[in-house]
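The values are calculated or read from the model by the stated rules, or taken from the named source; none is laboratory data. Just so it is clear, the model here is predicted, and its values are computed rather than measured. As a convention, Cβ positions derive from the backbone with ideal geometry for all residues, glycine included, and neighbour counts pool all protein chains shown.
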Amino acid sequence: MLRRPVLRMAVILALAGLMGGCARRTQPQELSLPFPMSDVEQGQGLPCTFPQDVRGSPAERWIEVSLSDQLVRLCEGSQIAREYQAATGAADRPETTTFPGLFAVHNKNKGPVYLSQFDVYVTDWVGFDQEHANGFHSLPKDKIGRVLDDRLGQPVSHGCVRTAQSAAVYDFAVIGMKVWVH
């Protein structure tokens, strides 16, 4: 179980990319979260601990992305329906960062979709971060469907959240569904 100072430091480290890139800092900075820190801490480290003032009804479905654990959790209220290993952004520069925050699913495309800038195909696209063009999708594939990079459990993507179980994420997600990345 994480104690309050450890959780606060984890949030600061996870959000450091929002405050001028990934440069090392000599002093911790206070960051603005989309909800009070006390709401997160009340969950005492339980999975799918979503701030009550944002979650809505106990039966609401939503998606959680844990940057520190490299996991995608499909949640129903405070319960995990499914949990999958993922790969989030490498964060070596802003355009390869999976930004933390509260988002909503804004589009879906079963695919395959060709991403010309990376010369790969992906399936099961679920867009949630319009500003940075990030979303959930399959492992990257070539034009005949061979997986090109199967690394999961580590931050290696160009900013999106990839998972081998992308079809399950696609089927679970609906337009407007909340996505909490932390």
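So the values come out like this:
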read-out: Filter result for A91 (in contact with a helix residue (DSSP H, G or I) (Cβ under 9 Å, 6 or more places away or on another chain) and not in a strand (DSSP E or B)); value: yes
read-out: Pairs where the first residue, in segment 166-182, is over 24 Å from T97 (Cβ atoms) and the second is aromatic (F, W, Y), C-beta under 8 Å, 6+ apart; value: A168/Y84
read-out: Residues that are at positive phi and free of Cβ contacts under 8 Å to residues at least 60 places away in the same chain, drawn from segment 84-121; value: G111, D119
read-out: Check on A81, part of a strand (DSSP E or B), touching a residue at least 60 places away in the same chain (Cβ under 8 Å) and among the small types (G, A, S); value: yes
read-out: In segment 138-149, the residues that are surrounded by 13 or more Cβ atoms within 10 Å (Cβ to Cβ) and not small (G, A, S); value: L139, P140, K141, D149
read-out: Of residues in segment 61-78 being assigned to a loop (DSSP other than H, G, I, E, B) and in contact (Cβ under 8 Å) with a residue 40 or more places away in the chain, the one farthest from I175 (Cα to Cα); value: S68
read-out: The listed residue being under 21 Å from S68 (Cβ atoms), without any contact (Cβ under 8 Å) to a residue 40 or more places away in the chain and buried (at least 21 other Cβ atoms within 10 Å of the Cβ), out of G135, G127, G159; value: G135
read-out: Filter pass, L74 being modelled with pLDDT of 95 or more, touching a Lys or Arg at 6+ places or on another chain (Cβ under 7 Å) and surrounded by fewer than 16 Cβ atoms within 10 Å (Cβ to Cβ); value: no
